[in-house]
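Novice: Below you'll find the structure I mean.
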Amino acid sequence: IYLQPKVRLRDGAVCGAEALVRWFHPQRGVIYPSDFIPLFEKNGNICSLDLYVFEEVCILIRKWLDADQRMNFPISVNLSRVHFKNLNFLREFSRIKQKHRIPDGVIELEVTESSFFDEQQRELVKSSIEQMHASGFQCSLDDFGVGFSSLALLQEFDVDTIKLDRHFFGDISNVKSQHVIASFIELAGKLGIHIVAEGIETEQQLVYLRQVNCDMVQGYVFSKPLPPEEFEQHYFNRSMDKM
């Protein structure tokens, strides 16, 4: 498990982190998710992987809490759309959360926009988001804008956070791109939805996102994904130095 911090632009504080997974192979070395996640989705093991990551995050949070660390921010865990084929998939997540005595509000479940494409699945996703909130989880919509996202999703689904895909920020000097980003951030603010700009790598991107009052940034401009020990050392209960 690796953690990549999310930074609040208003004051530079770490306000969240995303749990990411790396596969360390004895012969091939590090295998990145882009190489093995499609395989896991194809062979049916993706749900087991998600539960593994989720429980590792619970173990980590429990360790922090037992050490009297204040949990001021949520840790995000990705959910594959495959989970939504099971009406009761959240029961296992709730069981693990209770097993490790995890308080409400400190884990965020990230759902990709592709989960909403199947019309038959939309009602199940909507119901699942309601169950997430009832079970003490926050919910974010990941990869927004990378496919065929509809603004109707924001009207119909009660997500807490939206992660704008890195493709929005590829050419930040483009005036049309700037208008799209600024308008979307303003709309999200009116709807009470937090925005995370994902994949931010340059100071130029950062300057513009400050100008349009983006809530949070995640990307190499602040930090690469880190092993938990390094994350604790650099960012836990501290503000970012680089602002």
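The values are calculated or read from the model by the stated rules, or taken from the named source; none is laboratory data. These numbers were taken from a predicted model, which means no experiment stands behind them. Positions of Cβ are generated from backbone atoms using ideal geometry, with glycine treated the same way; all protein chains shown enter the neighbour counts. To get the accessible areas, we keep the full protein, side chains included, count just its heavy atoms, and leave off ligands, DNA and RNA. Shrake-Rupley method; radii C 1.70, N 1.55, O 1.52, S 1.80 Å.
Novice: Within the stretch 1-30, can you find the residues that are surrounded by 14 or more Cβ atoms within 10 Å (Cβ to Cβ) and among the hydrophobic types (A, V, I, L, M, F, W, C)?
Specialist: Listed by number, the residues that qualify are 1, 3, 7, 9, 13, 14, 15, 17, 19, 20, 21, 23.
Novice: Just to be sure before I move on: is residue 229 open to solvent by 60 Å² or more (accessible area, probe 1.4 Å) and either of a type in the set (D, E, K, R) or within 30 Å of residue 63 (Cβ to Cβ) (or both) in the structure I sent?
Specialist: Details: open to solvent by 60 Å² or more (accessible area, probe 1.4 Å): yes; either of a type in the set (D, E, K, R) or within 30 Å of residue 63 (Cβ to Cβ) (or both): yes.
Taking the combined requirement at face value, the residue satisfies it.
Novice: Another question, then. Can you run down the residue pairs with Cβ atoms below 9 Å, 6 or more apart or on separate chains, where the first is in the stretch 52-77 and among the hydroxyl-bearing types (Ser, Thr, Tyr) and the partner is surrounded by 15 or more Cβ atoms within 10 Å (Cβ to Cβ) and part of a helix (DSSP H, G or I)?
Specialist: From residues that are among the hydroxyl-bearing types (Ser, Thr, Tyr), the pairs are 76/57.
Novice: Residues that are assigned to a helix (DSSP H, G or I) and among the polar types (S, T, N, Q): does the stretch 81-93 have at least one?
Specialist: No, the stretch 81-93 contains no residue that is assigned to a helix (DSSP H, G or I) and among the polar types (S, T, N, Q).
Novice: So is residue 73 within 20 Å of residue 106 (Cα to Cα) and in a helix (DSSP H, G or I) or not? First the steps, then the outcome.
Specialist: Details: within 20 Å of residue 106 (Cα to Cα): yes; in a helix (DSSP H, G or I): no.
No.
Novice: So which residues in the stretch 9-39 are of a type in the set (D, E, K, R), over 26 Å from residue 112 (Cβ atoms) and in contact with a Ser or Thr (Cβ under 6 Å, 6 or more places away or on another chain)?
Specialist: Of everything in the stretch 9-39, nothing turns out to be of a type in the set (D, E, K, R), over 26 Å from residue 112 (Cβ atoms) and in contact with a Ser or Thr (Cβ under 6 Å, 6 or more places away or on another chain).
Novice: Turning to a different aspect of this structure: Looking at (1) open to solvent by 70 Å² or more (accessible area, probe 1.4 Å); (2) aliphatic (A, V, I, L, M); (3) under 24 Å from residue 126 (Cα atoms); (4) modelled with pLDDT of 95 or more, find the lone condition where residue 59 falls short.
Specialist: (3)
Novice: Picking from 165, 215, 171, which residue would you name as being under 30 Å from residue 129 (Cβ atoms) and open to solvent by 30 Å² or more (accessible area, probe 1.4 Å)?
Specialist: When all the criteria are applied, what remains is 215.
Novice: Looking at the stretch 29-48, can you tell me whether even one residue there is among the acidic types (Asp, Glu) and either at pLDDT 95 or above or in contact with a His (Cβ under 9 Å, 6 or more places away or on another chain) (or both)?
Specialist: No; the residues of the stretch 29-48 include none that is among the acidic types (Asp, Glu) and either at pLDDT 95 or above or in contact with a His (Cβ under 9 Å, 6 or more places away or on another chain) (or both).
Novice: Here's another thing I want to ask about it. Out of all the residues in the stretch 72-90, is one or more exposed (fewer than 15 other Cβ atoms within 10 Å of the Cβ) and under 17 Å from the mean Cα position of the chain (by Cα)?
Specialist: yes
Novice: To continue, here is another question. Could you please find all residues in the stretch 166-192 being out of contact with any strand residue (DSSP E or B) (no Cβ under 9 Å at 6 or more places or on another chain) and among the aliphatic types (A, V, I, L, M)? Working first, answer last.
Specialist: Taking the stretch 166-192 as the starting set, the residues that turn out to be out of contact with any strand residue (DSSP E or B) (no Cβ under 9 Å at 6 or more places or on another chain) are 167, 170-180, 182-183, 186-187, 190-192.
172, 175, 180, 182, 187, 191, listed by residue number.
Novice: Looking at the stretch 196-221, which of its residues are more than 16 Å from the chain's Cα centre (by Cα) and of a type in the set (Phe, Trp, Tyr)?
Specialist: Of everything in the stretch 196-221, just one residue is more than 16 Å from the chain's Cα centre (by Cα) and of a type in the set (Phe, Trp, Tyr), namely 208.
Novice: Looking at the stretch 145-190, which of its residues are charged (D, E, K, R), within 14 Å of residue 214 (Cα to Cα) and modelled with pLDDT of 90 or more?
Specialist: Of everything in the stretch 145-190, those that are charged (D, E, K, R), within 14 Å of residue 214 (Cα to Cα) and modelled with pLDDT of 90 or more turn out to be 163, 186, 190.
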